Structures are given as structure tokens and as C-alpha cells.
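Participant: Just passing along the structure, written as C-alpha cells.
The values are calculated or read from the model by the stated rules, or taken from the named source; none is laboratory data. Bear in mind that the values here come from a model prediction, so they are computed numbers and not experimental data. With ideal geometry, Cβ positions are generated from the backbone for all residues, glycine too; neighbour counts draw on all protein chains shown. Side chains included, ligands, DNA and RNA excluded: accessible areas come from the protein's heavy atoms. Shrake-Rupley method; radii C 1.70, N 1.55, O 1.52, S 1.80 Å.
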Amino acid sequence: MPGRGHLFVVSAPSGAGKTTLIKELLERSPSLVVSVSHTTRPKRASETDGVHYHFVDAATFASLRDAGEFLEWAVVFDHAYGTSRATVAKELAAGRDVILEIDWQGAAQIRERHSDAITIFVLPPSLSALIERLNTRGQDPPEVIAKRVQQAVADMSRHGEFDHIVVNDDFEDAVSKLRQIVEATRYGKSVEPQDHSTLLAELLAGMPPRHG
């Protein structure tokens with residue numbers, strides 16, 4: 001029988017590039033699997049149902065949530081997102097390592113239910129780089145981007161709740177650091193933390209006090 005798999009949580013503010021990083025990490029580490037979340041967000045033209053998300057309506061999502069089908073769930077930018085409890089349990093029991101690409105709210109729920117989960121927070125190299133990435137997407141109007149930037153700064157204030165921080169400045173370096181964390185976890189080794197205090201001070205500068 002295979003040993004139980006490890007659970008990894010990767011969170012980031014919108015525009016930090018975590019989806020692209022995780023996609024590359026999965027290609028280089030075939031033994032990793034990503035859990036596909038359910039969401040009430042409308043499907044974008046570039047997305048495929050069942051691959052990027054399981055797209056469901058609000059009533060279906062509420063029914064799954066109320067039935068306890070989600071390991072974690074949260075509302076982000078007025079849309080609900082949830083992780084299938086059964087899917088994650090099945091993969092872990094089969095000895096496969098699972099990555100959850102979720103926000104800090106979901107990460108907090110996972111920590112409560114899986115104290116051994118490894119949590120990683122991805123940061124942009126600067127606030128200007130994050131804004132540029134959001135604009136480059138070309139998928140949202142200016143008012144939505146402004147809202148996402150404001151929310152991103154608030155999200156980044158949660159960095160201290162995570163086990164590891166990875167800065168997505170140089171893409172290859174960021175993927176390498178993610179792989180290092182995964183491999184270290186598999187072999188019971190530690191990863192030397194890096195000092196990101198200067199970057200964090202710049203990213204969070206001017207942010208209003210957080211409540212709650």
C-alpha cells in the first residue's frame with residue numbers, strides 16, 4: 001500500500017501568476033495532481049469545464065456546500081469557490097500529492113482540517129508588476145482591475161499565516177523554489193526561509209488597517 005500523500009496549498013493575490021506557476025510545476029512533477037475547484041464564476045472563453053474549474057450555478061453550489069461536500073469554500077469577487085472533499089481524500093489515500101490553488105480564506109479552513117498541510121503564498125515582485133499583469137490579461141474593465149488591486153494588497157497582508165513565501169519575479173526561479181518545497185516535504189527535510197521583509201513593506205505600504 002502506498003503511503004498517504006501530502007497536501008499543498010498555494011495562495012496568492014490576483015495577478016501574482018500562481019496559476020501559470022502551478023501549471024509548470026505540474027508538468028515538471030507528474031506525481032503531483034491539482035484539485036479542480038467548483039465555482040459559480042462565469043466560464044471565460046479560454047477555459048474548459050472540468051479542467052480549469054467545475055462551473056456550476058449558485059443553487060448547485062449551495063446544495064453541495066450544505067451537504068458538506070466541500071473541504072473548504074469561500075466567496076471571492078462575488079463568486080463562490082469550493083474544493084471537493086471526496087476528491088482530495090481519494091487522491092491523498094492513493095498516495096498522491098495534491099495541490100490546492102485557493103485563496104487565503106480557503107487556506108485558513110484547510111489548516112483547521114489538515115494541520116499537516118503545507119501552505120505557500122506567492123508574491124509579485126512589486127505592486128506595479130502586479131498591476132501590469134492584471135492589465136495585460138485584457139479580460140476585465142478598469143474598475144474591476146482597481147478593485148482587484150485593492151483586494152490584492154489586503155490579501156498580501158495574510159502572508160504571515162503561510163509556511164513558505166515564493167516571489168514570482170524570475171519565473172524559472174519561482175518554479176524551482178516551488179519544486180524545492182515539494183521535494184523537501186516528501187523527504188522530510190526543511191527549507192531555509194528567505195527574508196522578504198523589504199518587499200513586503202513596499203507591497204503593503206499605504207494599506208488601510210485590517211479588521212477581523
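Participant: Residue by residue, what Karplus-based ³J(HN,Hα) values in Hz, rounded to whole numbers, does the stretch 196-202 have, using 6.51, -1.76 and 1.60 with θ = phi - 60° and x for Gly and Pro?
Facilitator: Using θ = phi - 60°, the values come out as 10, 4, 5, 4, 4, 4, 5 Hz.
Participant: Rounded, prolate or oblate: pick one for the stretch 21-94, where a ≥ b ≥ c are the square roots of the eigenvalues of its C-alpha gyration tensor, a/c under 1.5 means rounded, and failing that, prolate if a/b is larger than b/c, else oblate.
Facilitator: In terms of gyration-tensor shape, oblate.
Participant: Okay, moving on. Measure off, as a whole percent, the carbon and sulfur share of the 1.4 Å-probe accessible area of the chain, all protein chains present.
Facilitator: On the chain, the fraction of accessible area on carbon and sulfur atoms equals 51 percent.
Participant: At 1.4 Å probe size, with every protein chain present, just tell me what the per residue accessible area of the stretch 1-144 comes to in Å².
Facilitator: Accessible surface, normalised per residue, equals 49 Å².
Participant: Which order do you get for 103, 57 if you rank them by accessible area with a 1.4 Å probe, largest at the top?
Facilitator: Largest accessible area first, the list is 57, 103.
Participant: Distance check, please: which entries in 18/43; 90/189; 23/189; 18/189; 147/177 exceed 21 angstrom between their Cα atoms?
Facilitator: Correct reply: 90/189; 23/189; 18/189; 147/177.
Participant: When you count, for each residue, the other Cβ atoms within 10 Å and take the mean per peptide, how do 7-20, 183-196 rank with the highest first?
Facilitator: 7-20, 183-196
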